[in-house]
Amino acid sequence: MKKLAVLGSTGSIGTQTLEVVRENPDLKVTALSAGRNLELLEAQAREFKPELVSLQDEKAAETLAVRLADTDIQVLSGMDGLLAAATEQTADIVVTAVVGMIGIRPTIAAIEAGKDIALANKETLVTAGHLIMPFAKVRGVTIFPVDSEHSAIFQCLNGETGNQISKILLTASGGPFRGQTREQMKSVRLEDALKHPNWTMGHKITIDSSTMVNKGLEVMEARWLFGVGVDDVQVVVQPQSVIHSMVQFADGAVMAQMGVPDMKLPIQYALLYPKRRHMPGERLDFWSLQSIDFEAPDFENFPGLSLAYEAGRAGGSVPTVFNAANEWAVAAFLRREIGYLDITDIIGEAMARHKRKENPGLEDILETEAETYCSISGRI
């Protein structure tokens, strides 16, 4: 029996993780955390019967505690509750599916407690990879990537220990506006940006995918996960989303991982590694697919990707500025307070204003995040 804690259990990755648990009776949930979705968390708590649950919102947690009074489930709130879920004593692995930089502290706490990590919170490595990866190594903790692209790379590297990576080929669908110019995207509405052609995801990551910022975050995450340089990660647009990523080795051989676009596959692989077990669902049909297309990314019309490479090369505190500015801008766009093209403009402006800090610690990272929010908050 493998026991797991799920941080962000009511979001897209969290709910799909629980679908995987339903299909695998040897998986047991011991802790759940969510933001404000009291109703869904209560339903999950009653179904999976964890030791504890946590909500970010304290008042919502008080209401949930009353509702769960007929159970033995402990109800906590805020950062303390999130940290308690991340370090729940009996959990073997922690699924970090919270959105944003709030995921850094619980990930560090889980590593400190000796828990393996199924990582779906890319901001953790983007902003603190220089802290997280060495710490995980010291603690003997394995970080299993849950993003479909990084899981694909992880799978391609199985059995290749000691073989030199020449290049990581990180695939991207191109999003709903692939092929459009910035002039054409001036009139993009929120509803348009939320229509991803291939994947069903949460709102924030769907917007990030449409701007190609998400791919830029994945470039920075890949350099830490796989120990390569930022410029050793090449983005390849693959509109059908059936090749999830590839690795080119020193001899020129390229290994690719393929499948239908279904996040439950990388989630299950992370939870059951190294086993592959039957998973219900659609299978890739090459007779129907017939062809796979490839394109170079459009750096000019999707500057979020070029800004990400710039941030990754600069290192230090700059990736935190990139990430924080994007989080602020996407939240404002989701509230319909700024235009679509303003998202990447805000990122570029924040990076241009920032004075880089070398090798930031956790408090420096959180301070940089706050400074970035403050520097752009007067824009609206």
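The values are calculated or read from the model by the stated rules, or taken from the named source; none is laboratory data. Note that the structure is predicted; figures quoted are calculated from it, not measured. So basically every Cβ, Gly included, is an ideal-geometry build from the backbone, and we count neighbours across all protein chains shown. Quick note on the areas: whole protein, heavy atoms, side chains included, nothing else; ligands and nucleic acids left out. Shrake-Rupley method; radii C 1.70, N 1.55, O 1.52, S 1.80 Å.
Taking the solvent-accessible surface of protein heavy atoms with a 1.4 Å probe, what is the per residue accessible area of the chain in Å²? Write out the running numbers ahead of the final one.
Values: 16340 Å² over 380 residues.
That works out to 43 Å² for each residue.
Going down the list K28/K357; K3/K167; K195/K275; K59/K357; K204/K355; K137/K167, which pairs span over 31 Å between their C-alpha atoms? All intermediate terms of the calculation are to be shown ahead of the outcome.
Values: K28/K357 42 Å; K3/K167 35 Å; K195/K275 34 Å; K59/K357 38 Å; K204/K355 27 Å; K137/K167 23 Å.
K28/K357; K3/K167; K195/K275; K59/K357, as the Cα separations exceed 31 Å there.
Projecting the Cα atoms of M246, A296, Y269 onto the dipole axis of segment 220-373, where Lys and Arg carry +1 and Asp and Glu carry -1 at the beta carbon, places Y269 farthest toward the positive end. Name the residue farthest towards the positive end of the dipole of the chain from the options A370, T124, I111, assuming +1 on Cβ of Lys and Arg, -1 on Cβ of Asp and Glu, about the Cα centre. The residue sitting most towards the positive pole is I111.
As a size descriptor, the averaged projected area of the C-alpha convex hull of segment 15-174 was calculated at 11.1 nm².
Annotation: R335 carries an accessible surface of approximately 130 Å², with a 1.4 Å probe and no ligand, DNA or RNA atoms counted.
Of the solvent-accessible surface of segment 237-286, computed with a 1.4 Å probe and all protein chains present, 57% belongs to carbon and sulfur.
Based on alpha-carbon centroids, what's the gap between segment 312-380 and segment 215-255 in Å, whole number please? Here the answer is 25 Å between Cα centres. Within the accessible surface of segment 10-118, defined with a 1.4 Å probe on protein heavy atoms only, the carbon and sulfur portion equals 48 percent. For segment 83-149, a/c is less than 1.5, where a ≥ b ≥ c are the root eigenvalues of the C-alpha gyration tensor. That puts it in the rounded class. Calculated mean residue ellipticity at 222 nm for the chain: -14000 deg cm²/dmol, from DSSP H runs with n ≥ 4 weighted as -39500 (n - 2.57), summed, divided by the residue count and rounded to 500. Given +1 at the Cβ of Lys and Arg, -1 at the Cβ of Asp and Glu and no other charges, the dipole of the chain around its Cα centre is 280 debye to the nearest 20. Only Cα pairs under 8 Å and 6+ residues apart enter the sum, and on that basis the relative contact order of the chain stands at 15 percent.
Taking the chain as a Gaussian network of alpha-carbon nodes connected by springs under 10 Å, the highest mean-square fluctuation of the residues V75, V66, V233 belongs to V66. For K215, a cut-off of 16 angstrom between C-alpha atoms picks up these aspartates and glutamates, skipping any fewer than 8 places away in its own chain: E123, D147, E149, D231, D232, E295, D298, E300, E310, E327. Across L272, L41, L82, mean-square fluctuation computed from a Gaussian network of the chain (C-alpha pairs under 10 Å connected) peaks at L272. Which of rounded, prolate, oblate describes the chain, given a ≥ b ≥ c as roots of the alpha-carbon gyration tensor eigenvalues and a/c under 1.5 marking rounded, otherwise prolate only if a/b is larger than b/c? Taking the square roots of the gyration eigenvalues as a ≥ b ≥ c, the chain is rounded.
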